[in-house]
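For reference, the structure is listed below as structure tokens.
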Amino acid sequence: MGLDTRTWHGRLLKSIEIGFKRIVLKVFLFFGGVRKARRKFDPAEFKKVLFIRHDKLGDMVISLPIFHNLKKFYPEVQIDVVCGKDNYEIVRTDPHITNIYYYHKKPLRDWKNIQIMKSENYDCVVDLIFGSSVTAVILVSIIAGRRFKLGVGKLDYAKYFDRTVEFERYKYPIIEATGRVLNLFGIDLKDCDMRPRIYLEERDFEAGREFVAELKKKYDTVVCVNLSAGRPGRIWPLEKYFKLIEMLLDEYPEWAFALNYAPSEFWKAEKLLKKYNSRVVPIPEGLNIRQVAGMMKYYDFLITPDTSLTHLASAFDLPSAVMFSGDERNFGEWGPYNPKIRAVRSPDLKHIEQLEPEALFSAFKGVVAEEKAASHEKAR
């Protein structure tokens, strides 16, 4: 668990941690830990590339187009990935990836995997995590040795990499800001499909297929309403969900609404279920993230705060109304990349709780209208 930098003692401990890591880096550099590549940089000659992306689920989802497009332009290259506990399931069965290494962020536990990766003799190692990270510099340097080290947004530590993409994350949508690493391989993003695609197994779709099929025996359309968010600023008040669902039930009498929730927040669904009729139902309990992702294939629409569910919906082209804070920089970076996702902005810079149900309802009706218009156009 990370340090809480919202408190003074958390900030103090974080500054001490950063200072200690900088000392470790100086010692690492003193003993020649960072060695630059000496051969010609020629991606066409690369046989093995390792990507490091051991952070959040959404970060892995927006990185998928990098792996997929690199394989498209260099079909013979072996692509391996370092992932973490939060995003392993997203790439576990991706056919573009040969080997997946699980990074625990515990040196002694990870040392065996690091040695295995080092023995692979990768032509280049690519760090996809933004920012100046001592851990990243050391990890990449140990694995790569004198082979190429590439990075995205390395800031003060760019000098320890052979090639980097500049830190311009607020200039581009995050999927493009990260995806620009493909430029280093001689690939133009204009020639790429940058939409994320998640590869799941058949069993991952079963729960969603059965759940939605049962609802569609009675109802025309199934809308997923997500009640949970990982960060305080993305939590929408339960009383506003009550009002939104009332409007949805009145507007769409032939539709059903499936309540999605984090395992620890089933109580939210329970409160809503006490008031509403059989057209409001909770998703099955005990689903894993791959099963939740698989359900996106079968829903007709989604209503959600800006969470990892948004990325999963985007990967399946699910028409959605998504609540964002009023922070312009965050929206410019993490706002919708898929045209089927419609954003609804809160008047508050940091929180979505000020967003009124009427605004979200209006945006959702716009999503429905656009989807109907697209269907009619396609049918012509």
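When you scan segment 206-213, do you find a residue that is closer than 21 Å to residue 96 by Cβ and modelled with pLDDT of 95 or more, even just one? No, every residue in segment 206-213 fails to be closer than 21 Å to residue 96 by Cβ and modelled with pLDDT of 95 or more. Within segment 339-354, the set of residues being in contact (Cβ under 8 Å) with a residue 40 or more places away in the chain and under 24 Å from residue 249 (Cβ atoms) comprises 352, 353. Taken over segment 97-118, the criterion of being in a loop (DSSP other than H, G, I, E, B) and either over 20 Å from residue 56 (Cα atoms) or free of Cβ contacts under 8 Å to residues at least 40 places away in the same chain (or both) is satisfied by 97, 98, 104, 106. Selection over segment 42-55 of residues that are in contact (Cβ under 8 Å) with a residue 12 or more places away in the chain, surrounded by fewer than 16 Cβ atoms within 10 Å (Cβ to Cβ) and in a loop (DSSP other than H, G, I, E, B) gives a count of 1. The residue that is farthest from residue 312 (Cα to Cα), among those in segment 56-78 that are of a type in the set (Val, Ile, Thr) and buried (at least 23 other Cβ atoms within 10 Å of the Cβ), is 66. When the test is whether a residue is among the hydrophobic types (A, V, I, L, M, F, W, C), in contact with a helix residue (DSSP H, G or I) (Cβ under 7 Å, 6 or more places away or on another chain) and at pLDDT 95 or above, residue 142 does not pass it. Taking every residue in segment 237-266 that is not assigned by TED's automatic domain parsing to the domain that holds residue 301 and surrounded by 18 or more Cβ atoms within 10 Å (Cβ to Cβ) and pairing it with any residue that is assigned to a helix (DSSP H, G or I) and acidic (Asp, Glu), at least 6 positions away or on another chain, yields no pair with a Cβ-Cβ distance below 8 Å.
Residues 357, 336: which one is touching a residue at least 12 places away in the same chain (Cβ under 8 Å), touching a strand residue (DSSP E or B) at 6+ places or on another chain (Cβ under 6 Å), under 28 Å from residue 256 (Cβ atoms) and in the same structural domain as residue 230 (by TED's automatic domain parsing)? Exactly one residue qualifies, and that residue is 336.
If you go through segment 294-343 and keep only what is under 12 Å from the mean Cα position of the chain (by Cα) and among the hydrophobic types (A, V, I, L, M, F, W, C), you end up with 309, 312, 313, 315, 334. With 160, 172 as the choices, which residue is surrounded by fewer than 19 Cβ atoms within 10 Å (Cβ to Cβ), among the hydroxyl-bearing types (Ser, Thr, Tyr) and assigned by TED's automatic domain parsing to the domain that holds residue 70? That would be 172, the only listed residue that is surrounded by fewer than 19 Cβ atoms within 10 Å (Cβ to Cβ), among the hydroxyl-bearing types (Ser, Thr, Tyr) and assigned by TED's automatic domain parsing to the domain that holds residue 70.
Taking segment 235-346 as the region of interest, the helices (runs of 4 or more DSSP H) fully inside it that hold 2 or more residues being closer than 29 Å to residue 218 by Cα and either of a type in the set (Val, Ile, Thr) or at pLDDT below 95 (or both) are 266-275, 289-295, 308-315.
Taking the listed residues 161, 185, 167, the one that is among the aromatic types (Phe, Trp, Tyr), at negative phi and modelled with pLDDT of 95 or more is 185, with no other qualifying. A search for C-beta distances below 6 Å between a residue of segment 181-199 that is in the same structural domain as residue 59 (by TED's automatic domain parsing) and any residue that is at pLDDT below 95 and surrounded by fewer than 20 Cβ atoms within 10 Å (Cβ to Cβ), counting only pairs 6+ apart in sequence or on different chains, returns 184/163.
With the requirement that a residue be free of Cβ contacts under 8 Å to residues at least 60 places away in the same chain, closer than 20 Å to residue 105 by Cβ, in a strand (DSSP E or B) and hydrophobic (A, V, I, L, M, F, W, C), what does segment 119-152 give you? Listed by number, the list holds a single entry, 152. Filtered by the rule that a residue be touching a His at 6+ places or on another chain (Cβ under 7 Å) and of a type in the set (Lys, Arg), segment 66-110 gives a lone residue, 71.
Scan segment 347-380 for residues that are surrounded by 13 or more Cβ atoms within 10 Å (Cβ to Cβ), of a type outside the set (Gly, Ala, Ser) and in a helix (DSSP H, G or I) and the total you get is 9.
Can you say whether residue 212 is touching a strand residue (DSSP E or B) at 6+ places or on another chain (Cβ under 6 Å) and assigned to a helix (DSSP H, G or I), as far as the supplied structure shows? For residue 212, the condition - touching a strand residue (DSSP E or B) at 6+ places or on another chain (Cβ under 6 Å) and assigned to a helix (DSSP H, G or I) - is met.
The values are calculated or read from the model by the stated rules, or taken from the named source; none is laboratory data. None of these values were measured; they are calculated from a predicted model. Please note: Cβ atoms are built from the backbone with ideal geometry, for glycine as well, and neighbour counts cover all protein chains shown.
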